[in-house]
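Notes follow once the structure below has been shown.
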Amino acid sequence: MDYSTHCDELEIEGARFVELARGADVAAPVPACPGWNVANLLAHVGYVHRWSRYLVNVRAPQRI
């Protein structure tokens, strides 16, 4: 996948996640992540998306 496609995919998936998260009960448990609630999941996924976008933006040849 090329640089432009990576950026496009991050934007698409980020928007999709926001749409799914909108209106969610942040205190609700996340069955797939024992001990986590929706707020924990939102924070984690947000961090991962920002980290991924950084890697794409700097065109990192390997994981940082």
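The values are calculated or read from the model by the stated rules, or taken from the named source; none is laboratory data. Computed from a predicted structure; not experimentally measured. Every residue, glycine as well, gets a Cβ built from its backbone with ideal geometry; the counts of neighbours run over all protein chains shown. Calculation scope for accessible area: heavy atoms of the full protein, side chains included, ligands and nucleic acids excluded. Shrake-Rupley method; radii C 1.70, N 1.55, O 1.52, S 1.80 Å.
Things worth noting here:
- The residues of the stretch 12-38 that are β-branched (Val, Ile, Thr) and more than 18 Å from Ser52 (Cβ to Cβ), listed by number, are Val26, Val30, Val38.
- Applying a threshold of 8 Å to beta carbon distances and a minimum spacing of six or more residues, or different chains, the list of pairs starting in the stretch 7-29 at a residue that is closer than 19 Å to Asn57 by Cβ and ending at one that is at pLDDT 90 or above and open to solvent by 80 Å² or more (accessible area, probe 1.4 Å) is empty.
- Selection status of Val45, touching a His at 6+ places or on another chain (Cβ under 6 Å) and surrounded by 13 or more Cβ atoms within 10 Å (Cβ to Cβ): no
- Ala60 being in contact (Cβ under 8 Å) with a residue 12 or more places away in the chain, outside any helix (DSSP H, G or I) and open to solvent by less than 70 Å² (accessible area, probe 1.4 Å): no
- Considering the stretch 1-27, the residues that are aliphatic (A, V, I, L, M) and part of a loop (DSSP other than H, G, I, E, B) include one that is least open to solvent (accessible area, probe 1.4 Å), namely Ala24.
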